[in-house]
Amino acid sequence: MAKKAERDELTGLLSREGVQKALENRVKNSKSAKGGFSVVLLDIDHFTKLNETFGRSIGDQALVALAEILKKNIRSQDSAGRFAGEEFLLILSDSEKEEALIAFEDVRRLISAKKFLFKDENKKAVEVTFTVSAGIATYPKDGSDGMTLLRNADSALYMAKKFGRDRVVLAVEEKMVLKSNYYTRAQLERLSKVAKKVDVTESFLLREALDKIIGQYEGPGEA
């Protein structure tokens, strides 16, 4: 039963529990071997709309099709899992951030250009296209533990969505150079407390706040 629980029934990839375990093992091995790796957190853009337009059956087929592409485009030493819903997690061994970016950019372009042929609930052929967005974080630059790596990859994925989707974004190193020159100590302490409370990084909160400020002052059509 334990082995079965580590596999996602729909896609055949590792389940959330399985891929989290793979990430924990990768961190442990990298610490002892002093090696690096990258994680890619990705999902299908506008997946809810895809389900609403074509039906859940088509949505499931899109997930399976994406899983098959991921399987074919990772190495034997890498890991891939369905992390949650339409969200997937890749663990790319011995890959620096730029290497992971180049590798997944090829996958993203392949998916973006592909026309998928699925069958709806009435067995009618339906042509579907979709895109994916992704965020990449690298051990140990973006985190020395699995949770931090996932948070930073998630922050990068969030920015990929904000920038317009169908793109890959690299995590920004959490150490914010000279940030004390721009904020008071009291502000930074409050920021740290809020980040811990909502379980995101400080840089994530600052980028989110900056987006809101820019949106407030931008004129119509400037976005």
Subject >> Verdict on residue 64 being closer than 17 Å to residue 118 by Cβ and either part of a helix (DSSP H, G or I) or assigned by TED's automatic domain parsing to the domain that holds residue 127 (or both) >> reply: yes
Subject >> region 114-135: number of residues that are surrounded by fewer than 12 Cβ atoms within 10 Å (Cβ to Cβ) and under 28 Å from the mean Cα position of the chain (by Cα) >> reply: 3
**OP:** Out of the residues in region 121-168 that are of a type in the set (Lys, Arg) and assigned to a helix (DSSP H, G or I), state the one that is farthest from residue 91 (Cα to Cα).
**Re:** 162
Original post:
surrounded by 14 or more Cβ atoms within 10 Å (Cβ to Cβ), assigned by TED's automatic domain parsing to the domain that holds residue 24 and either among the β-branched types (Val, Ile, Thr) or closer than 15 Å to residue 42 by Cα (or both), is that true of residue 111?
Top reply: yes
Original post:
How many residues does region 137-161 contain that are modelled with pLDDT under 95 and either hydroxyl-bearing (Ser, Thr, Tyr) or in contact with a Pro (Cβ under 8 Å, 6 or more places away or on another chain) (or both)?
Top reply: 4
Subject >> Residue satisfying condition, being assigned to a helix (DSSP H, G or I) and among the polar types (S, T, N, Q), within set 95, 76, 112 >> reply: 112
Subject >> Contacts under 6 angstrom Cβ, first residue in region 85-108 being closer than 23 Å to residue 145 by Cβ, partner part of a helix (DSSP H, G or I), 6 or more apart >> reply: 89/19; 91/22; 91/23; 91/26; 92/100
**OP:** Return only the number of the condition from (1) under 24 Å from residue 128 (Cα atoms); (2) modelled with pLDDT of 95 or more; (3) under 17 Å from the mean Cα position of the chain (by Cα); (4) not β-branched (Val, Ile, Thr) that residue 92 does not satisfy.
**Re:** (1)
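Here's the yes/no breakdown for (1) surrounded by fewer than 18 Cβ atoms within 10 Å (Cβ to Cβ); (2) assigned by TED's automatic domain parsing to the domain that holds residue 87; (3) more than 12 Å from the chain's Cα centre (by Cα):
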| site | (1), (2), (3) |
| --- | --- |
| 137 | no, yes, no |
| 143 | no, yes, yes |
| 146 | no, yes, yes |
| 151 | no, yes, no |
| 156 | no, yes, no |
| 162 | yes, yes, yes |
| 168 | no, yes, no |
Original post:
Considering only residues of region 195-215 that are aliphatic (A, V, I, L, M) and surrounded by fewer than 12 Cβ atoms within 10 Å (Cβ to Cβ), which is modelled with the highest pLDDT?
Top reply: 213
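The values are calculated or read from the model by the stated rules, or taken from the named source; none is laboratory data. If you're wondering where the values come from, they're calculated on a predicted model, not measured in any experiment. Counting neighbours? That spans all protein chains shown, and the Cβs are built from the backbone with ideal geometry, glycine included.
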